[in-house]
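Inspection log for the structure reproduced underneath, given as structure tokens.
All of the numbers you see were taken from the coordinates with simple rules; none came from a lab. This one's a predicted model, so the numbers in the text were calculated from it and none came from an experiment. Glycine gets a Cβ as well: all are built from the backbone with ideal geometry, and neighbour counts include every protein chain shown.
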Amino acid sequence: MTADGDKPTNILSSFRIGSVPYLNSIPLTCGIEDQVIFAPPSQLADMLENETLDAALVSITEALLNPGYAILDDVAVACDGPVISVFLATKVPLKSIEVVHCDPASLTSINLLKILLKAKGVQPQWQPLSSYEESFEKDAVLLIGDPAIAFIQADHTHRIWDLGAAWKELTGLPFVFAVWAIRQGYEDPALLSSLMSAKLKGIAQLPALIEGESRFDPDFRKEYLGKTIQYDMGEREKTAIHCFMEKLAAGLDQKVYPPRFVYHEVPKK
């Protein structure tokens with residue numbers, strides 16, 4: 001059901017769509033929740049690559065590494081400064097980090113952190129984090145999404161290095177964490193229109209979505225969803241994607257492809 005009680009449309013029944021289960025994405029699936037498969041970013045990326053999904057809200061890195069994906073224009077999960085839910089938690093100074101234990105769910109967050117640390121002359125080893133509970137014991141841990149929010153609200157002894165704020169300090173730009181990636185051959189107007197409509201509805205009904213959520217406290221939800229996370233894909237966001245693409249290409253052995261945007265205007269009612 002949508003925030004105002006309407007039943008989701010069946011127009012998406014011909015498509016297989018995936019999204020992340022995190023709080024920050026709920027405005028983008030408003031009204032289509034019952035027709036969306038929810039899974040961690042890395043799993044969605046695998047499903048899209050294996051052609052078990054036609055469209056998915058995936059990390060921007062996935063879209064830049066696969067020339068067969070189009071990016072839905074004017075939709076993003078982004079920030080312009082602190083993002084709150086993507087950070088490096090450390091018990092030691094950045095220069096002293098030897099190993100980063102990372103949540104493997106998002107390829108973008110890992111690559112972003114590598115770029116930010118390299119800019120400071122730090123190139124640690126990387127190890128997967130086997131469980132959230134381990135986070136509190138590690139000297140340096142990368143966390144994303146709802147587990148990251150839970151961590152900062154818990155009793156911990158780490159210093160928090162917000163990756164959105166660090167990127168803004170390095171480049172002066174916003175950062176795009178996730179986009180709707182559409183598999184080649186599925187840039188169908190019905191699909192694009194439905195995804196755009198879901199976003200527009202989610203933004204219009206944001207107060208109701210915030211009130212209807214139970215994760216974290218209401219004041220945090222209001223600040224996080226209403227101010228911290230940005231959902232538009234403007235020119236500054238596109239500039240940021242190209243900047244990230246250049247830095248990503250400099251640090252990877254595999255080819256990075258320029259983003260290919262597809263746009264669909266939703267008719268005004």
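Check which residues have an amide H placed less than 5 Å from residue 30's amide H, if you skip close sequence neighbours.
HN-HN under 5 Å from residue 30: 202.
Distances longer than 18 Å among the Cα atoms of the stretch 86-171: what percent of all pairs is that? Walk me through the numbers before you get to the answer.
Numbers: 1233 of 3655 pairs.
Tail of the P(r) past 18 Å holds 34 percent of the pairs.
Once amide H atoms are placed 1.01 Å from N in the peptide plane, what residues at a sequence separation of 5 or more from residue 261, or on another chain, have their amide H within under 5 Å of its amide H?
71
Which is the longest run of the chain containing none of the GluC sites (Glu not before Pro) found in DSSP loop states (not H, G, I, E, B) with at most 15 other C-beta atoms within 10 Å? Provide the component values of the computation, followed by the final result.
Numbers: sites that count: 51, 98, 213, 265.
Answer - 99-212.
For residue 140, which sequence-distant residues (separation of 5 or more, or a different chain) have an amide H within less than 5 Å of its own amide H, given hydrogens modelled in the peptide plane?
Those qualifying (amide H under 5 Å, at least 5 residues apart or on another chain) are 91, 101.
Between residue 238 and residue 150, what is the label-point separation in nm under the 7 Å Cα-to-beta-carbon projection?
Those two pseudo-labels are separated by 3.9 nm.
Would you mind getting me the FRET efficiency between residue 252 and residue 211? Use the beta-carbon distance for r and R0 = 41 Å, nearest 0.05.
For R0 = 41 Å, the calculated efficiency reads 0.45.
What percent does the relative contact order of the stretch 86-171 come to when contacts are Cα pairs within less than 8 Å and at least six residues apart?
Details: 121 pairs, mean separation 42.5, N = 86.
RCO, the stretch 86-171: 49 percent.
Run the paramagnetic zone check for residue 190: 7 angstrom along Cα to Cβ, then residues of the stretch 36-55 with backbone nitrogen under 16 Å.
Under cut-off, by backbone N: 36, 54-55.
How large is the direction-averaged shadow of the alpha-carbon convex hull of the chain, in nm²? Intermediate values should be presented prior to the final figure.
On the way: hull surface 55.2 nm².
Average projection, Cα convex hull of the chain: 13.8 nm².
If you wrap a convex hull around the alpha carbons of the stretch 122-202, what volume per residue comes out, as a whole number of Å³?
Values: hull volume 15.6 nm³, N = 81.
It is 193 Å³ per residue.
Find the relative contact order for the stretch 122-269 and round it to a whole percent, using C-alpha pairs within less than 8 Å whose residues are 6+ positions apart.
Details: 56 pairs, mean separation 35.5, N = 148.
Averaging sequence separation for qualifying contacts and normalising by length gives 24 percent for the stretch 122-269.
Determine the distance separating the Cα centre of the stretch 194-269 from the Cα centre of the stretch 20-67; give it in Å without decimals.
Comparing the Cα centres of the stretch 194-269 and the stretch 20-67, I get a distance of 12 Å.
Taking the 0 to 90 degree range and rounding to the nearest ten, how far is the long axis of helix 235-251 tilted relative to the main principal axis of the chain, both from C-alpha atoms?
50
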